[in-house]
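Structure first, commentary second.
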Amino acid sequence: MIQYWNKKREKFYLFLQKNWPMAEESSEFENDKLESSTADEIVLYTSKNTVVKKFRTFGKWQISKEIAPEFAFDAKHRQSLNQEFEIGFQLDHPNIVRYIDKKVSDDGVPRLILEYVDGSTLRELLDSDTCVSQKEFDSIFGAILSALSYLHRRQIYHLDVKPENIVVTHKEHVAKLIDFGFAITHAYGESRNK
């Protein structure tokens, strides 16, 4: 599999060099290599465009969000992932997931490293038989409103707030807003909507 993607990457770089002589072989992710996968890596979610994994580093769980292999060397997907990191990394709020780093795996796939939140999505909570008290309910939505207010004061717009993008921790029921893949700010708003 790695050989297949290395060949794809080489063809892509040859195409860039042939059609855009100024293009360089490196990317914004190339400086930071991610250690090879370990047995402590678990795929949590896959979609058409991304793969989300939970992995252990130095005994601590973290989240890896990467571009799906078929889009790993697509410039728009790489730019989108980089934009998500740039927006997410600047955020510091107790009800927003922390973006820790961006790296590239040995097979050239860009990855974002995020804080692991031990909990369930609000969708899972609502669909379960779990009883949520009025106080906990108010706390969850107060936390999300606080996170959105924090974002909007910085002219950052999430654009994908839904129960699937809100994680409620198992302990203390702290709500955190996740997935800034569609987020925009003034710096990116114009180009993102074209």
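The values are calculated or read from the model by the stated rules, or taken from the named source; none is laboratory data. None of the values given here were measured: they were computed from a predicted structure. Reconstructed Cβ throughout: ideal geometry from the backbone, glycine too, with neighbour counts over all protein chains shown. Side chains included, ligands, DNA and RNA excluded: accessible areas come from the protein's heavy atoms. Shrake-Rupley method; radii C 1.70, N 1.55, O 1.52, S 1.80 Å.
Table for the structure above
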{"item": "Of the criteria (1) open to solvent by 20 Å² or more (accessible area, probe 1.4 Å); (2) within 17 Å of Val52 (Cβ to Cβ), which one Val167 fails", "result": "(1)"}
{"item": "Some residue of the stretch 128-145 being closer than 18 Å to Ile63 by Cβ and out of contact with any Gly (no Cβ under 6 Å at 6 or more places or on another chain)", "result": "no"}
{"item": "Some residue of the stretch 78-92 being hydroxyl-bearing (Ser, Thr, Tyr) and modelled with pLDDT under 90", "result": "no"}
{"item": "Filter result (of a type in the set (A, V, I, L, M, F, W, C) and touching a Phe, Trp or Tyr at 6+ places or on another chain (Cβ under 8 Å)) within the stretch 101-121", "result": "Val104, Val109, Leu112, Ile113, Leu114"}
{"item": "Qualifying position, being outside any helix (DSSP H, G or I), modelled with pLDDT of 90 or more, within 22 Å of Trp61 (Cβ to Cβ) and open to solvent by 20 Å² or more (accessible area, probe 1.4 Å), among Asp179, Asp160", "result": "Asp179"}
{"item": "Evaluation of Lys102 against (1) farther than 25 Å from Ala75 by Cα; (2) touching a residue at least 24 places away in the same chain (Cβ under 8 Å); (3) open to solvent by less than 50 Å² (accessible area, probe 1.4 Å) (one fails), failing number", "result": "(1)"}
{"item": "Flag if Phe29 is aromatic (Phe, Trp, Tyr) and either modelled with pLDDT of 95 or more or open to solvent by 80 Å² or more (accessible area, probe 1.4 Å) (or both)", "result": "no"}
{"item": "Subset of the stretch 136-156 (residues that are touching a Phe, Trp or Tyr at 6+ places or on another chain (Cβ under 9 Å) and not in a helix (DSSP H, G or I))", "result": "Ile156"}
{"item": "Qualifying positions in the stretch 101-135 - assigned to a strand (DSSP E or B) and farther than 15 Å from Leu44 by Cα", "result": "Asp101, Lys102, Lys103, Val104, Pro110"}
{"item": "Residue match in the stretch 134-150 (condition: touching a residue at least 40 places away in the same chain (Cβ under 8 Å), touching a Pro at 6+ places or on another chain (Cβ under 6 Å), more than 30 Å from Ala75 (Cα to Cα) and open to solvent by less than 50 Å² (accessible area, probe 1.4 Å))", "result": "no"}
